[in-house]
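Reviewing the structure listed below.
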Amino acid sequence: MANPRWTKLLRDLWLARGRTTMMALAIAVSLFGVGMVLSAYAILDRETTRNYMGTNPASATLELDRVDADLVRAVRQRPGIADAEARVTLLARAQVGPDEWRPLLLFVVPDFNAMRISTFRSEAGAFPPPTGAMLIERSALTMLNTRLGGEVVVKTPNGERRAVPVVGLTHDPGLAPAWQERSGYGYITPETLAWLGESGQLDELKIVVSEQPLNAMAIERTARELATWLQTQGYTVKEIQIPPPGRHPHQNMTMAIVTLLLIFSLMSLGLSAILVATMIGGLLAQQIRQIGVMKTIGARTNQVSMLYIALILAISVVAYAVAFVPSIVVGRAFATVVGDLLNFNFGSLDIPWWVFATQAAAGLLIPFLIALGPILRGSRITVYEAINDYGVRQESFGRGMDGFLGALRGLDRTLLLALRNTFRRRARLVLMLGLLAMGGAMFMTALNVAAAWERNLSDGMGARHYDLEIRLGRPEPASKLVERIGNVPGVQTVEAWGYAPASVTKLGEIAVVNTYPDGGHGSFVMRAAPPQTQLVEFPVLSGRWLEPGDSDAVVLNHMALPFFPRVAVGDRIEVSVESKRTTWRVVGIVREIGSPAAAYVPDESFARAVGQPGLARSARVVVAGRDAAARGEVIRAVERALTEGGVSVSLIISDTELRTAVGEHIVILILLLIVMAVVMAVVGVLGLTATMSTNVVERTREFGVLQTIGARPNTVLRIVASEGIFVGMLSWVLAVGLSLPFSMLVGTVIGEMSFRTPLPLVVSPLAVFLWLGIVLGGSALASALPAWSASRLTIRETLAYV
């Protein structure tokens, strides 16, 4: 014969199958979010490291005047050096349309079959490329508007235009995806580089250290010791480049965002557990007399509590079973989508055991621990208390609210009753509002952050009063450059600027920069502004902008502050530029969005410092028309004028291209936030459905009384449905309020990682009203079944309810 306690448990589960199903689903959806995020996190963390470290990235790259095979062999024998190779990296340009060009980063490899550092693998086609041909990184095909078997017209700083066949595709996970950087990646031999018009001389020495290869300080120490030795051998060491050890360019941002989502998913699980605890508390209140009967015939408190603990554990086990497989499938798919965006190949989608253990522990322990309090309180009731329970409570939410509702005139009385009933179970109402508000806050946060990113980007672009920045491969006479560009029809204003890569240095030390192989992430440049320039107007954080008469003044943008810890206006700093050490006095710090770290100095002072009086390395251009097509034609005309004049152009960046490049970095973030918002919204709707079902059961006799005094079934249906709509409306108000601190938090995290400054707080009207529509629709849907059930109750059924 079955134990009576477990028979009762199974009967309770069956009689309350609707509510228990909703509770199990609420926990399951939250566990699905936890498992999905944990699975994606585990896969991405492992595969990002595997992809990046699988290239055997260089611990450091030393830029020399020359590198040959004998030097490489000698360096490999040095203490602390595990391996060394010679390379060249050159910024060229690729033609992607009539007079339309895009940056092309060329990686020159002397022996493709003997690569051991910063490697990449063949994806399709020939490998290695023959002389006069090149390989293209697979993510760069669309950027270069070409295909395997096609060709790309390439122009190097000192060469002529050459049509270079694309004979193969590569996969290089050591680089940021080309579509995010808005540039192309090509791989050629030194012979092809010479064919393109450059010297073909190797000038980069890539090394891998043997001791503490993931310790940045140890790498710098070894690289400096090697640089000192190289100088004694007659080589000139221009710069040491040390990227963050073992970290992909976008790894920190991706992992930080996923961690943030994991926190939100755990919050969702906590709210789901509170929902279950509330539902269990309601069940205990309904079964007070049953508990009294059990204790009358000998049941002990621990036996009663174990009965309901078993109930909560059964619900949690079912929820875990429901969530387990979908969380794995979607987690893997989610990681694959992010991996594709980051240009990864997945060696394995296996999920480590600790993910399942963590998900199971969270799913079983969190609901159990939160529900334990109500279970223990309910199971400790005495026989006397149970027998004297009549199920009648003085439920009021305050005379003030009663009076307020009673004073309302002109409203349907059933709506007023629904409004009053909404506030009868205040704890339950708070829980439902929390669940729905959290989902809404997350949804609005995703769209608010996207709008804040766009606002931040617009503000950054608005501080630049020019449409085009041109960087030259070699210095040109400033007056002739301005004249040549200014004669192009449609050009309104031209300014010649100085420009040069820079690094932080100390007296007697070789410059060290923390840049990746693409030369963009972690870079630092010096820009020389003409006196009284009108083309930039950056917000000043402290101090001032450059003024006429300044000689040794420098203005740092906020991205440069990590290079100069604790720097303040009035301090003096040392900067290495064009292999020369220069000293400047900080007069201001400005905020500049969409730019790497930069130092702005007067153009005459810059020319004296680098020994280039009257010369310029860049120009900034204002186009007269605002029409996109007309502006594009002017840009192409500027390209033609410079090419015909024999000006060596290394890079032309339009404001549109810069905006697109910066904007592409938020795609993954918005995708992740919206997925998490959907999870939390589903939990909220399920919770509201379970709550409305519980309310209907608890008020069965009340509905009978209403029908006895003349209420129609449609009236009951209207009351219950209106309660759900009221809850949805209240949750929307709270969601709008909660979205503000959430948006500030996420905006601060994302802004600091991307721009080193928090994103502004922006409330998106689209997000606010879109969520209003979603929550009202969800509330109506959640109330539909309980309302329909309540409307079908007969007077006999309600009065017979115990």
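Results, tabulated for the structure shown:
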{"read-out": "Separation between Cα centres of the stretch 15-65 and the stretch 99-171, rounded to whole Å", "value": "33"}
{"read-out": "Residues in the stretch 521-562 reached by a label modelled at Q492 [backbone nitrogen below 17 Å; 7 Å Cα→Cβ]", "value": "533-537"}
{"read-out": "Convex hull of Cα atoms in the stretch 112-206, direction-averaged projection (nm²)", "value": "6.0"}
{"read-out": "Per-bin percent of Cα-Cα distances, the stretch 16-65 [10 Å]", "value": "20, 23, 19, 15, 11, 7, 4, 1, 0"}
{"read-out": "Protection proxy ranking, peptides 294-304, 525-535, average beta carbon neighbours within 10 Å, highest first", "value": "525-535, 294-304"}
{"read-out": "Rough spin-label spacing in nm, given labels placed 7 Å along Cα→Cβ, for D459 and V383", "value": "7.2"}
{"read-out": "Chain lengthening between V329 and E633 when straightened (0.36 nm per residue, less Cα-Cα)", "value": "104.6 nm"}
{"read-out": "Efficiency of FRET from Cβ geometry, D552 and R78, R₀ 30 Å, rounded to 0.05", "value": "0.15"}
{"read-out": "Label-point separation, D350 to L541 (7 Å along Cα→Cβ), nm", "value": "4.5"}
{"read-out": "Label-to-label distance, nm, for residues given as T358 and A163 (7 Å Cα→Cβ offset)", "value": "5.5"}
{"read-out": "Carbon/sulfur fraction of accessible area - the stretch 84-224, other protein chains in place, 1.4 Å, %", "value": "50"}
{"read-out": "Modelled FRET efficiency - R0 41 Å, V622 with E578, Cβ distances, 0.05 increments", "value": "0.90"}
{"read-out": "Fraction in percent of alpha-carbon pairs per bin - 10 Å, the stretch 154-230", "value": "13, 29, 32, 22, 3"}
{"read-out": "Extension gain from L214 to Q233, taking 0.36 nm per residue of separation minus the Cα-Cα distance", "value": "4.0 nm"}
{"read-out": "Surface accessible to a 1.4 Å probe, M36 within the full protein complex, Å²", "value": "0"}
{"read-out": "Extension gain from A114 to N145, taking 0.36 nm per residue of separation minus the Cα-Cα distance", "value": "8.1 nm"}
{"read-out": "Solvent accessible area, Å² - D203, 1.4 Å probe, full protein context", "value": "40"}
{"read-out": "Alpha-carbon Rg with Dmax, taken over the stretch 74-136, Å", "value": "15.5, 53"}
{"read-out": "Highest average packing first - 70-79, 438-447, Cβ atoms within 10 Å", "value": "438-447, 70-79"}
{"read-out": "Computed over the stretch 474-631, Cα set: Rg, Dmax in Å", "value": "16.2, 52"}
{"read-out": "Accessible surface of R626 - all protein chains present, 1.4 Å probe, nearest 10 Å²", "value": "150"}
{"read-out": "Rounded Å value of the spacing that divides the Cα centres of the stretch 178-208 and the stretch 552-608", "value": "30"}
{"read-out": "Cα lying deepest toward the dipole's positive end in the stretch 5-125, options N51, W101, I117, charges on Cβ", "value": "N51"}
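The values are calculated or read from the model by the stated rules, or taken from the named source; none is laboratory data. What you see is a predicted model, and the numbers here were worked out from it, not measured in a lab. Neighbour counts run over all protein chains shown; Cβ positions are idealised from the backbone, glycine included. Heavy atoms of the whole protein, side chains included, go into the accessibility calculation; ligands, DNA and RNA do not. Shrake-Rupley method; radii C 1.70, N 1.55, O 1.52, S 1.80 Å.
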